[in-house]
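Presented below is the structure to which this report refers.
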Amino acid sequence: MNPKPFNRKGPARVLVMMDQRVIAEVINLTLNHGLYVTQAAKSLSQALALLDDWHPHLAVIDMDLAGDQFMKRASGGVSETSERLPVLALTRRGTSKPSWPPLSRA
């Protein structure tokens with residue numbers, strides 16, 4: 001499968017997957033002041049359900065919260081007919097070495 005390049009139509013939808021409620025709220029409030037609509041997920045299962053049902057244009061995720069599994073799913077497109085999902089990945093890890101192989105090659 002060759003995912004299509006990213007092409008946004010309509011209001012930008014941003015999925016925020018964070019386990020820290022305060023950080024998620026700050027991100028949501030900041031984006032909601034612009035032309036963005038956000039949905040928050042506190043777990044990988046919630047985030048994957050939103051990928052299938054809501055079709056976000058961008059994801060802001062906590063890599064420490066099953067980020068590797070989310071990145072695998074997002075990098076290949078959300079579904080057979082979907083586009084690749086741009087992801088902004090945040091982490092609290094003390095090392096700068098990425099654990100997801102494609103990030104290591106970048």
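The values are calculated or read from the model by the stated rules, or taken from the named source; none is laboratory data. In this text, all values refer to a predicted model and were calculated from it rather than measured experimentally. Note that each Cβ is placed from the backbone with ideal geometry, even for glycine, and that neighbours are counted across all protein chains shown.
Residue-by-condition table, conditions (1) modelled with pLDDT under 95; (2) surrounded by 19 or more Cβ atoms within 10 Å (Cβ to Cβ); (3) assigned to a helix (DSSP H, G or I); (4) within 13 Å of the chain's Cα centre (by Cα):
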site: 15; (1), (2), (3), (4): no, yes, no, yes
site: 22; (1), (2), (3), (4): yes, no, yes, no
site: 29; (1), (2), (3), (4): yes, no, yes, no
site: 34; (1), (2), (3), (4): yes, no, no, no
site: 39; (1), (2), (3), (4): no, no, no, yes
site: 52; (1), (2), (3), (4): yes, no, yes, yes
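Residues in the stretch 41-50 that are surrounded by 15 or more Cβ atoms within 10 Å (Cβ to Cβ) and part of a helix (DSSP H, G or I): 4 in all. Residues that are over 16 Å from residue 87 (Cβ atoms) and among the aromatic types (Phe, Trp, Tyr) within the stretch 23-76 are absent altogether. Would it be correct to say that residue 77 is modelled with pLDDT under 70 and surrounded by 15 or more Cβ atoms within 10 Å (Cβ to Cβ)? Criteria met by residue 77.
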